[in-house]
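Here the structure comes first, spelled out in structure tokens, and everything after it is commentary.
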Amino acid sequence: MGFFIILMVLVVLPAILSTVIASILGYRSKTMPRARRIAYAALPAGLLPVSPAIVSVLHTYSSPVPVIAVTALGLIVAAVIAAPAAWLATRSKTPPPDPKAFD
């Protein structure tokens, strides 16, 4: 059961969050480059699931090494899971044909 919860938090949640954030950014700012939308969507989606771990490590340890390790885990989640989901959400769809094209 614990593995299922970890799977949901570290895989499904970042994928859904990055897809939603990338879609919202695509609708709100159409002039923003695609790579920037992917980065803006993937980073918060990857770091959000590990933010409770970052807070607990900050309160437990005085050394910055564990904090850096947990933050690196969040960046890995952002790169491996959230960025491909945001990339799929921002791919361009073919626009509908213009009805006045052949007039």
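Checking the stated criteria, Val9 turns out not to satisfy the condition of being in contact with a Leu (Cβ under 6 Å, 6 or more places away or on another chain) and among the hydrophobic types (A, V, I, L, M, F, W, C). Considering every residue within region 61-79, establish whether at least one is in contact (Cβ under 8 Å) with a residue 60 or more places away in the chain and aliphatic (A, V, I, L, M). The answer is yes, given that some residue of region 61-79 is in contact (Cβ under 8 Å) with a residue 60 or more places away in the chain and aliphatic (A, V, I, L, M). For region 1-24, the tally of residues that are without any contact (Cβ under 8 Å) to a residue 24 or more places away in the chain and over 13 Å from Ala85 (Cβ atoms) stands at 9. Note on the chain: enclosed helices (runs of 4 or more DSSP H) holding 3 or more residues that are surrounded by 12 or more Cβ atoms within 10 Å (Cβ to Cβ) are 13-28, 34-47, 51-60, 64-77, 83-90. Residue-level check: of (1) modelled with pLDDT under 90; (2) under 17 Å from the mean Cα position of the chain (by Cα); (3) not charged (D, E, K, R), Ser63 misses just (2).
The values are calculated or read from the model by the stated rules, or taken from the named source; none is laboratory data. These numbers come from a predicted model, not from an experiment. Cβ sites come from the backbone with ideal geometry, for glycine too, and all protein chains shown count toward neighbours.
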